Every structure is written in C-alpha cells, then in structure tokens.
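Undergrad: Handing you a structure now.
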Amino acid sequence: MINIEVIQGDITKLKVDAIVNAANCSLLGGGGVDGAIHRAAGPELLQACIPLKGCETGHAKITPGFKLPAKFVIHTPGPVYRDGQHGEPALLESCYKSCLALAEENNCETVAFPAISTGVYGYPWKEATEIAVNTVHDYPARNIKKVIFCCFSAQMKKIYQEVLQRV
Ligand code: ADP
C-alpha cells in the first residue's frame, strides 16, 4: 500500500521522483502551479512539452524535470468544474490514475501531487480532496512507495488531513 503524506509548501521545491503538474490541455504552460513549475524547471520544459501536442483532460504525459529537484514532471489537465454533473468526478479520478500509471511505468517510488483542479478550474476543495485521497489509497501500486499531497495553503492541508483520517 502507498504511504500517504500531506505537507504545505511549494511543489517545485520537492526532491521526489515525479511531481505532477495541474496543466491545461495545451501543455504549453499557464498560471498557478503550472506557471511555477515552468519557471522553476527552466525553458527546456516548454521545449519538451511542444512535441507532445497537448493532452486530453483526465490523461497524462511525462517529461524530465530539467532544473527542478524532481526527476520527472507528469502533466495532467484536470476538469474545469461546472456543476459536478458533467463528468467532473470521473475525469478528476482519471487524472490521478493516469499520473500514477505513468509514475509506475517510469519506476518512480515517490510522487507529489498538487490539488488538481482546485485553483482556477474551480473544483470544490472537499470533493476534490476525497477523490485525490481515495484514488491514491485504492491504487494497486507496484513501484510507488510514497505519495505526497503538496498543499499550497494551510486551509487546504487541513482538508486533506480531515479526509485522510477517514480512509
Ligand atoms: P487548476 O487549473 O488545475 O485549478 P491551479 O494551478 O490554478 O490549477 O491550482 C491547482 C492547485 O495548486 C491550487 O490548490 C493552488 O493553490 C495550488 N498551487 C499553486 N501554486 C502551487 C505551488 N507552487 N505548489 C503547490 N501547489 C500550488
């Protein structure tokens, strides 16, 4: 079973095998965590993303981490939250599963996730956290030993801790 840890911090600082980027479908950079990751990784990251030709919502693609302490970046576009009736939960679950599958394929033992879709994409925090925690908890891991949920705010960290207590 995967060991789950919750921290508050900046995901670009983490020395793990892979960090996950809450990207958009273009994979060409954006605001929020995506912008922070591109800035910290350096311009080579964009050069590596261009030939990937984008990514569908709920899927994931991998690149090296370049100047980041992390070896890899796994890019996944989360769903834009409308009302929860447009497949958002299944798409968000698919983001986590696709990232974990890519991490496994690339022999990653440690993976850090930001709270996908909870920024400009507007996913309600508690619902998003329940999907994140349950999907990682239920994942049949082979190589992955540890997942870090890297929360940007103390408020988000508290929600993760509350949800984790119940699994
Ligand atoms: P999305 O478009 O998927 O909503 P955002 O980047 O807007 O993506 O936000 C996703 C989450 O990442 C939010 O909870 C936001 O607070 C958080 N975040 C922003 N910058 C960082 C960072 N440097 N490290 C970790 N989390 C971050």
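Undergrad: Taking the range 91-123 as the region of interest, how many residues are out of contact with any helix residue (DSSP H, G or I) (no Cβ under 8 Å at 6 or more places or on another chain), away from the ligand (no atom under 13 Å from the Cβ) and among the aliphatic types (A, V, I, L, M)?
TA: Summing the residues that are out of contact with any helix residue (DSSP H, G or I) (no Cβ under 8 Å at 6 or more places or on another chain), away from the ligand (no atom under 13 Å from the Cβ) and among the aliphatic types (A, V, I, L, M) in the range 91-123 gives 3.
Undergrad: Does Thr135 qualify as being touching a residue at least 40 places away in the same chain (Cβ under 8 Å) and either of a type in the set (A, V, I, L, M) or more than 22 Å from Thr57 (Cα to Cα) (or both)?
TA: no
Undergrad: A follow-up question, please. Considering only residues of the range 40-90 that are touching a Leu at 6+ places or on another chain (Cβ under 9 Å), farther than 24 Å from Glu130 by Cα and charged (D, E, K, R), which is farthest from the ligand (Cβ to nearest atom)?
TA: Selected residue: Lys53.
Undergrad: Let me ask something else. Looking at (1) near the ligand (Cβ under 9 Å from one of its atoms); (2) surrounded by 22 or more Cβ atoms within 10 Å (Cβ to Cβ); (3) within 24 Å of Asn107 (Cα to Cα); (4) in contact (Cβ under 8 Å) with a residue 40 or more places away in the chain, which is the only condition Lys13 fails?
TA: If we test Lys13 against (1) near the ligand (Cβ under 9 Å from one of its atoms); (2) surrounded by 22 or more Cβ atoms within 10 Å (Cβ to Cβ); (3) within 24 Å of Asn107 (Cα to Cα); (4) in contact (Cβ under 8 Å) with a residue 40 or more places away in the chain, just (2) comes out false.
Undergrad: Within the range 124-136, does at least one residue satisfy the condition of being in a loop (DSSP other than H, G, I, E, B), within 13 Å of the ligand (Cβ to nearest atom) and more than 16 Å from Glu5 (Cα to Cα)?
TA: Checking the range 124-136: at least one residue is in a loop (DSSP other than H, G, I, E, B), within 13 Å of the ligand (Cβ to nearest atom) and more than 16 Å from Glu5 (Cα to Cα).
For every residue, the table says whether it meets (1) hydrophobic (A, V, I, L, M, F, W, C); (2) modelled with pLDDT of 95 or more.
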site: Met1; (1), (2): yes, no
site: Ile4; (1), (2): yes, yes
site: Lys15; (1), (2): no, yes
site: Ala22; (1), (2): yes, yes
site: Asp34; (1), (2): no, yes
site: Arg39; (1), (2): no, yes
site: Ala48; (1), (2): yes, yes
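The values are calculated or read from the model by the stated rules, or taken from the named source; none is laboratory data. It should be emphasised that the depicted structure is a prediction, and the values quoted were computed from it without experimental measurement. Cβ atoms come from the backbone with ideal geometry, glycine included; neighbour counts cover every protein chain shown.
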